[in-house]
Amino acid sequence: MNTYMQARTILRHQVLNLLGLCARPANGIHILNGHRTQGEPEPETFDRLLDRLAENVKFIRIEEAVQMIMKHEHPDRPLVAFTFDDGFTECYDYFAPLLEKRGVNAMFFVNPNYVEGDDAYIHHFNNDIVLTPGKQPMRWKHLVDLSARGHIIAAHTMDHYMVNTDDEQTLHDQIDTCRRVIEEHLQKPCDYFAFPYGKLEHANLKAIDIACRQYKYVFSQSDYKNYFSFGGRVINRRHFEPFWPYRHVSYFLSCNKSY
């Protein structure tokens, strides 16, 4: 990390510490979306974060959160559900068991070619696509087990592909095929899709049209102060990471949301 990025990270940390000092999670439905651990001992970090959050929010199952959002419900307390992108092994080793301990599940968005990848593909995916060197993917045996335990396995394109191309065949290959492969392995419907990278500019209308024809629910990781984007067709999630300090997460949960 260069000097500028180090300074920016330190400043951001300090600002969020101050902003989060008095912040409290706002009433509403919050979908927190994470990815990975960062190298510190786990699962203690995420476990402590969940304990702190539980003092001020109620954890709910992810499918319950989605249905409440779709019905435009307005709960009188903060409700939090979890999703995780990219399918790293910490999802199986740490995140799922800790959420199960608290009586809820998570939704895991996976890339089938990463699930099945050989060493060369995994290296390329980690180092050139998602920039998380050293990670390992969950394999189908992990995903089948998580599904049997009540978690939801969802689609994230075949290769973590940025779906803002005008090449319609490529979009179908990445979006449609992903659903079919997951359903073949899990032997159950795959109703959920999140486009990679998550910002609204990382998908175009052609991709959203294809995704909405293939899946019941489509997600971004952007525009969090609004429940929906793309004309009400895409559900917005709030980015967090399991290693973030409680104050940072509490601050981001404090914003009011609108339909």
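The values are calculated or read from the model by the stated rules, or taken from the named source; none is laboratory data. No experiment lies behind these values; they were computed from the predicted model shown. Using ideal geometry, Cβ is built from the backbone for each residue, glycine included, and neighbour counts are taken over all protein chains shown.
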Is it the case that Ser250 is crowded, with 20+ Cβ neighbours inside 10 Å, more than 16 Å from the chain's Cα centre (by Cα), within 27 Å of Gln38 (Cα to Cα) and polar (S, T, N, Q)?
-> yes
Determine, yes or no, whether Ala211 is part of a helix (DSSP H, G or I) and in contact with a strand residue (DSSP E or B) (Cβ under 6 Å, 6 or more places away or on another chain).
-> yes
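Val181 - would you say it is in contact with a strand residue (DSSP E or B) (Cβ under 8 Å, 6 or more places away or on another chain) and assigned to a helix (DSSP H, G or I)?
Numbers: in contact with a strand residue (DSSP E or B) (Cβ under 8 Å, 6 or more places away or on another chain): no; assigned to a helix (DSSP H, G or I): yes.
Criteria not met by Val181.
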Collect the residues in the range 247-259 that are touching a residue at least 60 places away in the same chain (Cβ under 8 Å) and either in a loop (DSSP other than H, G, I, E, B) or over 11 Å from Pro25 (Cβ atoms) (or both), keeping them in residue-number order.
-> Arg247, His248, Ser254, Cys255, Asn256, Lys257, Tyr259
Scope the range 127-145; condition without any contact (Cβ under 8 Å) to a residue 24 or more places away in the chain, in contact with a helix residue (DSSP H, G or I) (Cβ under 9 Å, 6 or more places away or on another chain) and under 23 Å from His202 (Cα atoms); matching residues | Pro133
Scanning the range 37-52 residue by residue, those closer than 29 Å to Gly134 by Cα and at pLDDT 95 or above turn out to be Phe46, Asp47, Arg48, Leu49, Leu50, Asp51
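Let me confirm something: among Leu200, Leu171, which residue is out of contact with any Lys or Arg (no Cβ under 8 Å at 6 or more places or on another chain) and touching a residue at least 12 places away in the same chain (Cβ under 8 Å)?
Leu200
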